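Okay, so here's the structure we're looking at.
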Amino acid sequence: CGGSSTNTDECGVPVFYSSSEDIAGFQFNVDGVVVTGASGGAAEAAGFTVSTSAITVLGFSFSGDVIPAGTGLLTFVETEDGISDGCLSSVILSDDSGASIAIEHSPCITIIKEE
């Protein structure tokens, strides 16, 4: 991943979800890595705008679209130098009325790219 690659299979860390409710928005921090972008997955398929900072990923739809309840790939998080041993924290999911969706996770959701 040298910063110029857009191949998410090489540069991305997959973030998966399992939800019994439609997801209208999400936000999470990624600790231990520098985030350079995020793309693909159900977020892209639903037409979400996904924005990132060096530590945060935020996704939502300007037109009110949702990610349907179910399981799958939420998005790929691209990291500086392709580093993939980060940790998700401060995870927030919202429904189509803007209310929080209750989530269950350990204090640190470890993300590790499989080779």
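Read-outs throughout are calculated quantities, based only on the coordinates presented, and are distinct from any laboratory measurement. Everything quoted here is computed from the prediction, not taken from an experiment. Every residue, glycine as well, gets a Cβ built from its backbone with ideal geometry; the counts of neighbours run over all protein chains shown.
Sort largest first and round to whole Å: the equivalent ellipsoid semi-axes of the range 13-66, each the square root of five times a Cα gyration tensor eigenvalue. Value: 19, 12, 10 Å, ordered largest first.
Each residue of the range 33-40 was assigned a 3J(HN,Hα) from its phi angle through the Karplus expression (A = 6.51, B = -1.76, C = 1.60, θ = phi - 60°), giving 9, 9, 6, 10, x, 7, 6, x Hz with x at Gly and Pro. Model label sites at D22 and S53, defined 7 Å from Cα along the beta-carbon direction, differ in position by 3.0 nm. Proximity of backbone amide H atoms, modeled 1.01 Å from N, is registered between E78 and V13, T36, G37, A38, S39 at under 5 Å, excluding neighbours fewer than 5 places apart on the same chain. Assuming 0.36 nm per residue, please report the length gained on full extension of the stretch S97 to E80 beyond their Cα-Cα distance. Result for the pair: 2.7 nm of gain on full extension. Remark on E21: its backbone amide H falls under 5 Å from those of G70, a criterion applied only to residues 5 or more positions apart or on other chains, H modelled at 1.01 Å from N. Take the Cα of S63, go 7 Å toward its beta carbon, and the backbone nitrogen atoms of the range 22-53 under 20 Å from that spot belong to 22-26, 39-51. In order along the range 42-51, the phi-based Karplus estimate (6.51 cos²θ - 1.76 cosθ + 1.60, θ = phi - 60°) of 3J(HN,Hα) comes to 5, 4, 5, 4, 8, x, 5, 8, 10, 10 Hz; Gly and Pro are listed as x.
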